[in-house]
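Note sheet for the following structure.
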Amino acid sequence: MKANALAYCASFIALAFGSCTQTSKNESASDMPRSVPVAHVTVLDTTIYNEYVADIQAVKNVEVRARLSGFLEKIYVEEGSEVKAGQVLFKINDEEYKADLSKAEAVLNNAIADAKTVELEKQRTQTLVKNNIVSKTDLELAGAKLKAAQSRVAEARSVLQFAKSRLGYTLVRAPFSGRIDRIPLKAGSLLEEGSLLTSVSDLSAVNVYFSISEKEYLGIAADSGYKRNGFKKTVKLSLANGQVYPYPGEAAFAESEFASQTGTISLKARFENPNRLLKHGASGKISVPVETGEILAVHQKSVFEIQDRTYVYMVDSKNRVKMTPFSAGQRVGHYYTVNSGLAKGDKIVFEGTQSLRDGIQIDPKAMDAKPGAHLAKN
């Protein structure tokens, strides 16, 4: 019995000793610094763009409207087709206007005949005055009648010209070369003066309008280049599907006043459109370069947010991490640009920030965080 008790005590002591040894090993392991990937604040040689909502308009876009009332007799073109300047697009029934023209011609001929009769009467009166048969008053009266007759001729010519013009308006022509839009009416429709027939767009080039704030305008105005030459800057256009339009544009101010409702001022960028890809009324985004050259940046894996502020874990000379706030700018690829708060050469934790806490010591493992050759702004 005594031997069993001694054996039990020995087993308990061995178990306790083994447990203490294991606990000591675990504590030692937990005190060892964690291996964490670190990198330096990156320097990007790139261009930063500001993006603005764009309104795309053809260089020329005109509504084609009827200048007369009447029945739409014929349509010579198809919707969406290309037309040339002066090409006949529509014909309005012209019977009434031909009749008006014939009437105007008859009135003119009568006026000319009356004027000729009055002129002969004046010449006869002049002969009688020379022979002292009638007085000079009769000659003056004949002269006044001739002037009145000549005025009636001029009036008749004006009416005739008006009738010719109205007859010409029955053929509706393209004001310039371009592409026509939808044709809302069909042949046989009754037109009122001013009825919309279609619209024509010259899409050889487009104007893209966008607006900037007063603060952004003042930033442009502070540039010495703006003071010397006015604001002209090469810009890019992104289409609705996210693709970048292959041709660059040149932006310039389109207005001289700020809009009172929005506090913005409009700019216009002109883009060539040789393939007619851009259409009147389309939308997109204008990208205006605002900063070019070496720009500080940190990878998105290094950044975390707390209450709308951005932070990284900076690594000091003793390999301890410190939660450091910084002002983040725009996104370029997978990187945040740095406005302030970090400097070139600062060492920061590259990834795994969720499991760190302020002040702990780490075992830093350097890695290359340089960006790829091609970066696109998000």
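The values are calculated or read from the model by the stated rules, or taken from the named source; none is laboratory data. In this text the structure is predicted, and so the values were computed from the model without any measurement. A quick note on method: Cβ atoms are made from the backbone with ideal geometry, for glycine too, and the neighbour counts reach across all protein chains shown.
Some observations on this one:
- Evaluation of LYS164 against (1) in a helix (DSSP H, G or I); (2) without any contact (Cβ under 8 Å) to a residue 60 or more places away in the chain (one fails), failing number: (2)
- Filter result for LYS318 (in contact with a Leu (Cβ under 9 Å, 6 or more places away or on another chain) and of a type in the set (Lys, Arg)): no
- Contacts under 8 angstrom Cβ, first residue in the range 180-206 being in contact (Cβ under 8 Å) with a residue 40 or more places away in the chain and under 16 Å from LYS84 (Cβ atoms), partner part of a loop (DSSP other than H, G, I, E, B) and of a type in the set (Phe, Trp, Tyr), 6 or more apart: VAL200/PHE176; ASP202/PHE176
- Every pair of residues 6+ apart whose Cβ atoms lie under 6 Å, when the first sits in the range 293-309 and is over 11 Å from TYR335 (Cα atoms) while the second is assigned to a helix (DSSP H, G or I): PHE304/THR353
Here is a yes/no grid of residues against (1) under 14 Å from ALA54 (Cβ atoms); (2) outside any strand (DSSP E or B); (3) at pLDDT 90 or above:
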position	(1), (2), (3)
GLY225	no, yes, no
ARG228	no, yes, no
PHE231	no, yes, no
LYS236	yes, no, yes
PRO246	no, yes, yes
GLU257	no, yes, no
SER260	no, yes, no
SER266	yes, no, yes
ALA269	yes, no, yes
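- The listed residue being closer than 30 Å to SER195 by Cβ and part of a strand (DSSP E or B), out of GLU96, GLU63: GLU63
- Against the list (1) out of contact with any Ser or Thr (no Cβ under 8 Å at 6 or more places or on another chain); (2) of a type outside the set (Phe, Trp, Tyr); (3) surrounded by 15 or more Cβ atoms within 10 Å (Cβ to Cβ), the condition ASP202 fails is (1).
- Screening ASP114, ASP138, ASP94 for residues that are among the acidic types (Asp, Glu) and out of contact with any Ser or Thr (no Cβ under 6 Å at 6 or more places or on another chain) leaves exactly one candidate, ASP114.
- Scan of the range 84-93 for residues that are assigned to a loop (DSSP other than H, G, I, E, B) and of a type in the set (Lys, Arg), ordered by number: LYS84
- Looking only at residues in the range 99-108 that are in contact (Cβ under 8 Å) with a residue 24 or more places away in the chain and surrounded by fewer than 17 Cβ atoms within 10 Å (Cβ to Cβ), the one that is farthest from LEU196 (Cα to Cα) is GLU105.
- For the range 145-156, the count of residues that are among the β-branched types (Val, Ile, Thr), surrounded by 14 or more Cβ atoms within 10 Å (Cβ to Cβ) and part of a helix (DSSP H, G or I) is nonzero.
- Number of positions in the range 282-338 that are farther than 30 Å from VAL206 by Cα and part of a strand (DSSP E or B): 31
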